[in-house]
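One structure below.
Every number in this text was worked out from the coordinates using simple rules, so none of it is lab data. Note that the structure is predicted; figures quoted are calculated from it, not measured. Virtual Cβ from ideal backbone geometry, glycine too; neighbours counted across all protein chains shown.
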Amino acid sequence: MYDVIERRHSEPLSLHHVAREVGMTPGHLTTVVRRRTGRTVQEWIIDRRMAESRRLLADTDLPIQEVARRVGIADPGYFSRLFRRTHGTSPRAWRGRP
């Protein structure tokens, strides 16, 4: 599962996509991942996307919309809300911090 998320985090990716690639049903994958990690597949996907977005915000001057697109989130508004919920600050403020 982790390899699939690592490889495809910049694309539209869901529990169903990951389950298909690892040869499990979505329900079984959810159960296995939650039992082993205490987290959901979606939480793992979001964590990977947020890690990449932090890197892009720190290391590039890409517009927020492009950062969102590069981490597999088509809606920049949703990306900004998700980033704020995850980090407690906006992507723009994150980029501007010392």
| message | Give me a comma-separated list of calculated 3J(HN,Hα) values for region 32-40, in order, Karplus coefficients 6.51, -1.76, 1.60 applied at θ = phi - 60°, integers in Hz, x for any Gly or Pro. | response | 4, 5, 5, 5, 7, 10, x, 10, 8
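Using only helices, what value at 222 nm comes out for the chain when you add -39,500 (n - 2.57) per DSSP H run of length 4 or more and divide by the total residues, to the nearest 500 deg cm²/dmol?
When only DSSP H runs of four or more count, the value is -21500 deg cm²/dmol.
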| So, in nm, how far is label Glu21 from label Arg55 when the simple model puts each one 7 Å beyond its Cα toward the Cβ? | 1.5 nm
| HN-Hα J in Hz across region 66-77 - Karplus 6.51, -1.76, 1.60, θ = phi - 60°, x for Gly and Pro | 6, 4, 4, 4, 5, 9, x, 10, 6, 9, x, x
| field | Tail fraction, Cα-Cα pairs, the chain, threshold 16 Å, whole percent | value | 55 percent
